[in-house]
Amino acid sequence: MTAWGQPTGWAVALAAIAAGLTLSGCAVEQGAAGAKFVPRKPGVLIVATSFLPAPGFWFGRGAKSGFEAGLALALAHKLGLERVRVVQVPFAKVTHGRLDGADLGLSQVTPTSERERTASFSTPYLIAPPGVLGRRGVEAIDLKGLRSLHWVVGRVSTLTPIVRNVVQPTSPPVVVEDRSSELEVLRSGRADALLVDLPVALGLARAEPGRFHVLGQLNGGEGLAAVLPKGSPNLDIVDSSIRALTANGTISSLSSKWLGSQADVPLILSSP
Amino acid sequence: MLVASIQAPSGAVLEFLVLFAVILFGPLVVSRLGLPGLIGLLLGGFAIGPHGLDLIKAGDQTVPALGQLGLLYLMFIAGLELDLHVLRKQRSAAVVLGLAAFAVPFSAGLVIGWALGWSVAATILLGALFSSHTLIVYPTLRDAGLGGNPAVASAVGATVLTDTLALIVLAVVAGTQTASADITVVIVEIAVGFVVLAGVGLLLLPRLVDRALRMWGGDRVARYVVVIVALLAMAALAEVFGIEPIIGAFFAGLALNRLVPNEGQSMDRVEFFGSAVFVPVFVVSIGLLLDPSVMFTTETLELAGLICLGALGGKAIACWFAGAALGFDPPERGAMYVLTAPQAAATLAVTLIGFELGLFDTSVVNAVLVLILVSISVAAVLAQRVVTWMPRGAAHKVLGEKVLVATMAERPSDTAMRAATRLARPDGGHGEVVITRTAGEPRPEATALRSVERHIFGHGFDGRLTTTVGPLAEAVPWAVTETEPSVVVIDDADFDILVPGVPLVVVRVTDSGEDTFRVVGSIDAEDGREIARRLGDPRTARNRMRRRDPPENGASRSTDTAQSIAPR
């Protein structure tokens, strides 16, 4: 006699478990319940991005290397599309959901309340705390150290208020228009440090290891998300696909391959 | 300047504030409308979430991470609360009903998923979602005196099987979606994982936790932390084999089922933290996904209708036919239905994991939330009617369900505590320890009581300590009336009083250091044999039992008619 009582009870229960395992094992097909992706062009995922090349994200021949390039391809496969086409669209347009005919934008964009008024954002695909990109040779291990550095900031960057209000540098930061200008200032030595999303900082440091390194990460921050036109019916299926790519480890391995480990970057406490 | 330093609250502190405000006010508000507190938490989650006031942003990691812990906790409690004694007692009926209550709704889920053109994985997960259930209305039936009804007991026992099967299906689906290895390898890995989980859960974990509770159980904090470490260890072990951690948590609950009695002090603390913090946080985190713009669309409402039909209809068919096959009458089948229809714990778990795997989108999540609300409401209303249809039977107390230990000494003897633990443990029972003193004796100090508590838990006995004044002959009848135990252990060899309706086990240590006992009071033959079996020990050279019928009322002296009980 078993804990279940009659041996027949056990046999039936085991048979049911075996049947369940077998049936569940057939569940290799990928895809979410119900929702279908409707591409602008059949069989093609058209992706808008702003910075080409973007070290760590979009670079190499035909911009086919990098984290977001790999993510675009994985998304296309997940959505049942054959290939990816990349179009370059100014960052200000991407963040407003104006994608110039692309299905979605992958351009290291952080969702904000203001941006959400004009664009739809997917679930984040990368956690993006603020990362401090510094010139090689520049070091800082705490907020006091960061304060004494010379900073460069972008006029419209969402991270500029953090530099001004949290870091509070002792010397006024150099203010420029966009990221390429920020990097130019950093390369020229007119500034020591730049605050960007940590994955972006990792990508930049990996692309120019002789010039840049990541000093640390600040606590807080949101994620990088795909941008879709406001009210896009594709949002749900893109969301589901990003969650699936997170769950099956695709995003993690792309991140390790092209950006390196965020966990290895020391945390600089920016609040008590 | 003071004004310059004033700023709006933000960050984690604000998130915790709004989260706990919802946990406080959500259930309070909806209870005034006669709705379950769960609904208040879900709606509160919506209110503070990205689709409501946006106080918790879409990309927020804090609340969902806490919610994950809450989910583990929820599944742990689900395993912990299952009445394994009932499962043993009604095993055949429980297996039949459990398989039917799993298979029929599971099939309904497959049909609906297939008809909607879902992927195979999403379809199977929908079946798993339908097939599980949560014993939300069991307290209603138990409080109505129906806990011992065979139909009710079968439904309670069947829950172990349905939820285990549903979680097995979830494990395999999740494994195939998250692993990059060959499908056969994944299934073998999961099968090995289940064997390991079952082995550790049945053999190793109960022993380790028992030992830990005996060593550190006197410290209330340590007792709680031991249980939490066991929960997280099993969840982590499940992850090693690519199995969802909630399944490890459920197995941990089953493993500790007897060590953490449902009415005991340890369970009290587990439930306290669960119901105050962890589980509400999880439910609120689900509420964050609630999106009226998605929920109140024709598509979602149609889906919700289909899901309700499949899940509730499937359970109804299963209970009706399995109940008929088992010889239960229609009201009893109704009782089985109200117990197996509510969808909450495992349903939420499967839904959230389906969502995280990208198999379910927000419309499915919102439709499932409708199912949860409907199923709980329907079951709660029906349960009130079912209890009026069912014949009442006097609930038979399980022998070790609640053991009262009474002593006049400073603390109960090792012999008494050994006997109490042996009586309680097989039934997952708990106890009360009453220390009585004479009127002139000073009240024991807190440190002395702490020491007694450590002594009690050191014997692996989950018991609450009470002190009183008066002779044992008065204290025992008083304590029996107050605590309604299933058996009383008297730590006084000379005790010679009968208390109606409850067996008294009088223990003493012989001059040669052997534990002996005698049973006094009204017990049926089966309980008498069971007491002898549990207390029988090769070291016990001589066990004697004195029996006589109890008086009509009140306590009286027993006579010295002894009966020997052979050791096991």
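Readers should treat all values here as calculations from the given coordinates under stated rules, not as data from a laboratory. Since this is a predicted model, take the numbers as computed values, not measurements. Counting neighbours? That spans all protein chains shown, and the Cβs are built from the backbone with ideal geometry, glycine included.
Return the whole-Å distance between the Cα centroid of the range B:18-68 and the Cα centroid of the range B:227-279.
Going from one Cα centre to the other spans 24 Å.
Ranking B:417, B:215, B:267 by Cβ neighbours within 10 Å, fewest first, what do you get?
Values: B:417 26, B:215 14, B:267 22.
Neighbour counts put them in this order, fewest first: B:215, B:267, B:417.
Which pairs in the list A:36/A:230; B:89/B:315; A:230/B:57; A:36/A:257; A:64/A:93; A:41/A:257 are over 27 Å apart, alpha-carbon to alpha-carbon?
Details: A:36/A:230 18 Å; B:89/B:315 23 Å; A:230/B:57 18 Å; A:36/A:257 30 Å; A:64/A:93 22 Å; A:41/A:257 30 Å.
Long pairs (Cα-Cα over 27 Å): A:36/A:257; A:41/A:257.
Across all directions of projection, what mean area in square nanometres is found for the Cα convex hull of the range B:319-448?
Numbers: hull surface 60.8 nm².
Its average projected convex-hull area is 15.2 nm².
How would A:64, A:144 line up from fewest to most surrounding beta-carbon atoms within 10 angstrom? Present the calculation step by step, with values, prior to reporting the outcome.
Values: A:64 14, A:144 9.
Taking fewest neighbouring Cβ atoms as first place, the list is A:144, A:64.
Mind checking the mean number of beta-carbon atoms from other chains within 10 Å of the Cβ atoms in B:112-125?
The shielding value for this peptide is 4.
Expressed as an acute angle from 0 to 90° and rounded to the nearest 10, what is the orientation of the C-alpha long axis of helix B:37-48 relative to the principal long axis of chain B?
40 degrees
Amide H neighbours of residue A:85 under 5 Å, counting only residues 5+ apart in sequence or on other chains, H built in-plane at 1.01 Å?
Distant-sequence amide H within range of residue A:85: A:45, A:46, A:47.
Per-residue HN-Hα couplings for the range B:374-389, Karplus 6.51 cos²θ - 1.76 cosθ + 1.60 at θ = phi - 60°, whole Hz, x for Gly and Pro?
Result, ordered by residue: 5, 5, 5, 5, 4, 5, 5, 5, 5, 4, 4, 7, 4, 5, 7, 7 Hz.
What does the convex hull of the alpha-carbon atoms of the range B:207-249 project to on average, in nm²? Mind showing how you got there, number by number?
Details: hull surface 11.7 nm².
Dividing the Cα hull surface by four gives the mean projection, 2.9 nm².
For the protein assembly as shown, what are Rg and Dmax over the alpha carbons, in angstrom?
Expressed in Å, the Cα Rg and Dmax of the protein assembly as shown come to 31.7, 104.
Sort A:58, A:258 so the one with the fewest other Cβ atoms within 10 Å of its own Cβ comes first. It would help to have the intermediate numbers written out before the result.
Numbers: A:58 29, A:258 23.
By the 10 Å Cβ count, ascending, the order reads A:258, A:58.
Less than 13 Å Cβ to Cβ from residue A:172, Lys/Arg counted +1 and Asp/Glu -1: what total charge do the surrounding residues give? Let's see the in-between values first.
Values: positive: A:147, A:164, A:190; negative: none.
Around residue A:172, the surrounding residues sum to +3.
For the range B:226-301, what relative contact order do you get, as a whole percent, if you take Cα pairs closer than 8 Å and at least 6 residues apart?
15 percent
Report, to the nearest 10°, how far helix B:245-255 tilts away from the longest principal axis of the Cα atoms in chain B, using its own Cα long axis and a range of 0 to 90°.
So the helix axis and the longest Cα principal axis differ by about 20 degrees.
Got the relative contact order for chain B handy, in percent, Cα pairs under 8 Å and 6 or more residues apart? Please report the intermediate quantities before stating the final value.
Values: 1050 pairs, mean separation 91.7, N = 568.
Dividing the mean separation by the residue count of chain B yields 16 percent.
In whole angstrom, how far apart do the alpha carbon centroids of the range A:118-180 and the range B:371-446 sit?
The range A:118-180 and the range B:371-446 have Cα centres spaced 61 Å from each other.
Please list, in order along the range B:307-318, the HN-Hα scalar couplings obtained from phi with the Karplus expression 6.51 cos²θ - 1.76 cosθ + 1.60 (θ = phi - 60°), rounded to whole Hz, x for Gly and Pro.
Result, rounded to whole Hz: 5, 4, 4, x, 6, 6, x, x, 5, 5, 4, 4.
Give, as a single signed number, the net charge of other residues whose beta carbon lies under 13 Å from the beta carbon of residue B:360, with Lys and Arg counted +1 and Asp and Glu -1. Write down the numbers at each step before the final one.
Numbers: positive: A:243; negative: A:236, A:239, B:356, B:361.
With Lys, Arg at +1 and Asp, Glu at -1, the net is -3.
For residue B:492, which sequence-distant residues (separation of 5 or more, or a different chain) have an amide H within less than 5 Å of its own amide H, given hydrogens modelled in the peptide plane?
Placed amide hydrogens put B:507 under 5 Å from residue B:492.
Using only helices, what value at 222 nm comes out for the protein assembly as shown when you add -39,500 (n - 2.57) per DSSP H run of length 4 or more and divide by the total residues, to the nearest 500 deg cm²/dmol? Each step should come with its number before you reach the end.
On the way: 32 runs with 426 residues, N = 840.
That comes out to -16000 deg cm²/dmol.
Relative contact order for the range B:358-462 using alpha-carbon pairs under 8 Å, separation at least 6, rounded to a whole percent?
Working: 78 pairs, mean separation 27.1, N = 105.
Across the range B:358-462, relative contact order equals 26 percent.
Taking the alpha carbon gyration tensor of the range B:317-367, what are the square roots of 5 times its eigenvalues, largest first, to the nearest whole Å? Intermediate results must be reported in sequence, preceding the final value.
Working: eigenvalues 213, 18, 14 Å².
Listed largest to smallest, the semi-axes of the range B:317-367 are 33, 9, 8 Å.
Could you give the C-alpha radius of gyration of chain B expressed as a fraction of 2.2 N^0.38 Å, taking N as the number of residues it contains?
The value comes to 1.07.
May I ask for the angle, rounded to the nearest 10°, between helix A:7-25 and the longest principal axis of chain A, with both axes built from Cα atoms and the value confined to 0 to 90°?
40 degrees
In chain A, what percentage of the DSSP-assigned beta bridges are antiparallel, given to the nearest 5?
If I count the DSSP bridges inside chain A, around 60 percent turn out antiparallel.
Could you work out, for chain A, what percent of all Cα-Cα pairs fall into each 5 Å distance bin, beginning at 0 Å and stopping at the bin that holds the largest distance?
Over chain A, the share of Cα pairs per 5 Å bin runs 1, 6, 11, 15, 16, 13, 10, 7, 5, 4, 3, 3, 2, 1, 1, 0, 0 percent.
Using θ = phi - 60° and the Karplus form 6.51 cos²θ - 1.76 cosθ + 1.60, what ³J(HN,Hα) does each residue of the range A:194-208 get, whole Hz, x for Gly and Pro?
9, 9, 9, 4, 3, x, 5, 4, 5, x, 5, 5, 6, 6, 10
Calculate how many DSSP beta bridges within the protein assembly as shown are antiparallel, expressed in % of all such bridges and rounded to the nearest 5. The partial results should precede the final answer.
Numbers: 33 of 68 bridges.
Counting DSSP beta bridges with both partners in the protein assembly as shown, the antiparallel share is about 50 percent.
Search the structure for amide H atoms under 5 Å from the amide H of residue A:54, placed 1.01 Å from N in the peptide plane, and list their residues when 5 or more places away or on another chain.
Those lying under 5 Å, H to H, from residue A:54 are A:59.
Quick one: work out the % antiparallel among DSSP beta bridges in chain B, nearest 5. Present the calculation step by step, with values, prior to reporting the outcome.
Working: 12 of 32 bridges.
About 40 percent, rounded to the nearest 5.
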